[in-house]
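Encoded as C-alpha cells, the structure appears first; notes follow it.
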Amino acid sequence: MFTRKALRLNNSFAQPRRFILFNMRKEEQNLYTMLKVKTSASHKEIKLAYYKQAKISHPDFLVGATDDEKAAAAEDFKKINKAYEVLCNAISRQAYDIENHIN
C-alpha cells in the first residue's frame, strides 16, 4: 500500500522526494518515535537525535557483534537515515505530518 500526494504550499505545488516519503509502508514505525523526539522538535533537536541514534545503531560501532546482529543494526540504521531525511526537510516533514495526521 503506497501513497502519492502533491502538497500545496505557499500557492505553489511542491512534490517532496517521493522515493523517501511516499514509498514508505504504513506499517512502519512513526518517524518521530524512531528518532526519539517530540513532534514539535526543532531542526537542531532532530539533528542531534539523529546523530545519537545513528551512533548507537551503526554496524561499524558494534565491536564483537555477530553478522546477524550487524545486519539487524544495518537495517535499523537505514530506517533512522530515512526518518532523518524526511524530518530534516521542512516540506517533506510537513507532508509527512499531514499524511499521518500528526499535530
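The values are calculated or read from the model by the stated rules, or taken from the named source; none is laboratory data. Source: prediction; values computed, not measured. For neighbour counting, all protein chains shown are included, and Cβ atoms are generated from backbone atoms with ideal geometry for every residue, glycine included.
Within region 77-92, being more than 9 Å from the chain's Cα centre (by Cα) and buried (at least 17 other Cβ atoms within 10 Å of the Cβ) holds for Phe77, Asn89, Ser92. Filter region 59-97 down to the residues that are closer than 17 Å to Lys36 by Cβ and either modelled with pLDDT under 90 or polar (S, T, N, Q) (or both) and list them by number. The one that is closer than 17 Å to Lys36 by Cβ and either modelled with pLDDT under 90 or polar (S, T, N, Q) (or both): Asn81.
Scanning region 70-91 for residues that are of a type in the set (S, T, N, Q) and in a helix (DSSP H, G or I) returns a single hit, Asn81. In region 40-55, the residues that are of a type in the set (A, V, I, L, M) form Cβ pairs under 7 Å with partners that are surrounded by fewer than 16 Cβ atoms within 10 Å (Cβ to Cβ), at six or more places apart or across chains, as follows: Ile46/Cys88; Ala49/Lys36. For region 40-69, filtering for residues that are in contact with a helix residue (DSSP H, G or I) (Cβ under 8 Å, 6 or more places away or on another chain) and outside any helix (DSSP H, G or I) leaves 4.
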